[in-house]
Amino acid sequence: MDLKEHIRSIQDYPKKGILFRDITTLIKNEKAFKECIDQIIKRAEKFKFDKIAAIESRGFVFASAISYILGKPFIMLRKKNKLPAEVHSVDFQLEYGKATIEVHKDSFGKNDNVLIIDDLIATGGTAEAAAKLIEMSESKISAFIFVINLFDLGGSDNLQKKGYNVECLIDFPGH
């Protein structure tokens, strides 16, 4: 199955000049969603990891299914002020502003190997912030897996240049 056929493209969302790649059409189709999960698992099996982390919020959709199937703990990387206990925080730049992501300080142990899953990589700012959060706990990044790679925005290449393993299921051009 070609997963690309199940991604809807929406012009000028969330602002003029952006071509938004919408995963809702993929996840509402049970066969396409199952195929996507199966493909992520196949790629994940290349790596040794103890925990799965996902970036809020669309990454949660995929990571929770993977966590359940593989029997691995699932850790949520959340937007600022969404977690109740002590957190590590990282500020980073988005294409259209600044943001902060956080994780509970007790989410990762020293030397945990972590697989990070998200729906899409563009410039890579959020993914790099996620890696910093995990590395604050002296854990290691096993790999990143993204459903969509906006290849011409360079995020996946930047992560690879920093020494991270990166897997992407679908390639699209950016805006």
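For segment 43-120, the share of alpha carbon pairs falling in successive 10 Å distance bins from zero is 18, 49, 29, 4 percent.
Given 0.36 nm per residue, what is the gain on full extension from LYS4 to SER57 after removing their alpha carbon distance, in nm? Spell out each step's value before the answer.
On the way: separation 53, 0.36 × 53 = 19.08 nm, distance 2.06 nm.
Additional length available on full extension: 17.0 nm.
At full extension, LYS110 and LEU19 could sit 28.8 nm farther apart than now, given 0.36 nm per residue minus the alpha carbon distance.
Among the DSSP beta bridges whose two residues both lie in segment 47-172, what percent are antiparallel, rounded to the nearest 5?
Details: 10 of 32 bridges.
Among the beta bridges of segment 47-172, antiparallel pairing accounts for roughly 30 percent.
Farthest toward the positive end of the dipole of segment 47-172, out of LEU169, VAL90, THR123, is the Cα of VAL90, where the dipole comes from beta carbon charges about the Cα centre. With the largest listed first and rounded to whole Å, the semi-axes of the equivalent ellipsoid of the chain from the Cα gyration tensor are 24, 20, 15.
Across the chain, the relative contact order, built from alpha-carbon pairs under 8 Å that are at least six residues apart, equals 19 percent. Taken about its Cα centre, the chain carries a charge dipole of about 200 debye when Lys and Arg each add +1 at the Cβ and Asp and Glu each add -1 at the Cβ.
The numbers here are math on the coordinates, done by the rules we state, and not lab data. All values reported here derive from a predicted model rather than from experimental measurement. For neighbour counting, all protein chains shown are included, and Cβ atoms are generated from backbone atoms with ideal geometry for every residue, glycine included.
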